[in-house]
Amino acid sequence: GDTVWIGTSEGINLYSDNKLTPFEFNDQLPYTRVSSIFRDSYSNVWIGTRDGLIRYGNGEINTPQISSLKELVEVKAFCEHNGQVWISSRHGVHSYNLKTEELSDFSKGSIMEDEYISSLAIDLQNNLWMGSDNGVYVYESKTSKIKHVKISDMLSANFVIFLTHVFLNSLWLG
């Protein structure tokens, strides 16, 4: 049957066939406070934690890094598009190329550098939507530009915790 991965403050548990079992590699996780879990098209499991990023694939645990990367902490959300896994964190958005296995700082030098990005979604036009504690940012794939949408003009708060793309052309914020 299907397996549900459950992140906790003490690692990961797997729920399958009405049984809950600890993840066999919990003792190898460098960080245990799990806030998000994502499976990419290559069957890698990405684990976002308060203290860093973990990738599990082919029975191995690793922590992808790049030398110029600010501390990759408070990893909250993932999505995949066009061979890239997009990763949100306390210090913006990062992208991981699944073919080259390179991790890069997508936010660096942009209007959202150092923003706390808590959620990600891709719409039908292949735009990347990013929820933050300062509204919403949109990376428009056709123009390769990032725009800031200040939602406090429309809503009582500007902090977006959750974004999801549902049905035809609707994006929901929470």
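The values are calculated or read from the model by the stated rules, or taken from the named source; none is laboratory data. Since the model is a prediction, treat every value here as computed from it, not as a measurement. Cβ atoms come from the backbone with ideal geometry, glycine included; neighbour counts cover every protein chain shown. Each accessible area value is taken on the protein alone, full model and side chains, heavy atoms only, with ligands, DNA and RNA left out. Shrake-Rupley method; radii C 1.70, N 1.55, O 1.52, S 1.80 Å.
Condition check ((1) among the acidic types (Asp, Glu); (2) in contact with a Ser or Thr (Cβ under 9 Å, 6 or more places away or on another chain); (3) part of a loop (DSSP other than H, G, I, E, B)) across all residues:
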| residue | (1), (2), (3) |
| --- | --- |
| Asp51 | yes, yes, yes |
| Tyr56 | no, no, no |
| Trp86 | no, yes, no |
| His94 | no, yes, no |
| Lys108 | no, yes, yes |
| Asp114 | yes, yes, yes |
| Ser119 | no, yes, no |
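You will find that of Ser35, Ser43, Ser104, Ser110, the residue that is open to solvent by 20 Å² or more (accessible area, probe 1.4 Å) and at positive phi is Ser43 and no other. Looking only at residues of the stretch 120-142 that are at pLDDT below 85 and aliphatic (A, V, I, L, M), we find that the one that is nearest to the chain's Cα centre (by Cα) is Val136. Open to solvent by less than 20 Å² (accessible area, probe 1.4 Å) and either modelled with pLDDT of 90 or more or closer than 30 Å to Lys150 by Cβ (or both), is that true of Leu20? Here the answer is no, as Leu20 does not meet what is asked.
Kindly indicate whether any position in the stretch 79-92 is open to solvent by 60 Å² or more (accessible area, probe 1.4 Å) and in contact (Cβ under 8 Å) with a residue 24 or more places away in the chain. So far as the stretch 79-92 goes, yes, one or more of its residues are open to solvent by 60 Å² or more (accessible area, probe 1.4 Å) and in contact (Cβ under 8 Å) with a residue 24 or more places away in the chain.
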